[in-house]
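To keep things clear, I will list the structure first and then write my remarks on it.
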Ligand SMILES: [Zn+2]
């Protein structure tokens, strides 16, 4: 499972995503959920902005293992992203 790449808290959210999510036929892997899923584009903009403000691009390594001063803000943005997506999944 791609979710093993995630820290415990984040992995739990991704594992809880409904595999029958409407409008998305992709397999729900961590890279898909975090980087590519068009259903979460709006929420992802905030996460991407947090990365960009620290000179980082949006990729799995930067999202899950941000270095130095970026780690706090990026982890907050990741937590917000996962929470926002979870709420969206329940609508
Ligand atoms: Zn998707």
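FYI, it's all coordinate maths here, none of it is from the lab. Keep in mind the model is a prediction, meaning the values are calculated, not measured. Cβ atoms come from the backbone with ideal geometry, glycine included; neighbour counts cover every protein chain shown.
Extension gain, residue 46-residue 59: 0.36 nm per intervening residue step, less the Cα-Cα distance, totals 3.3 nm. With the simple model of a label 7 Å out from the Cα in the direction of the Cβ, residue 71 to residue 27 spans 3.2 nm.
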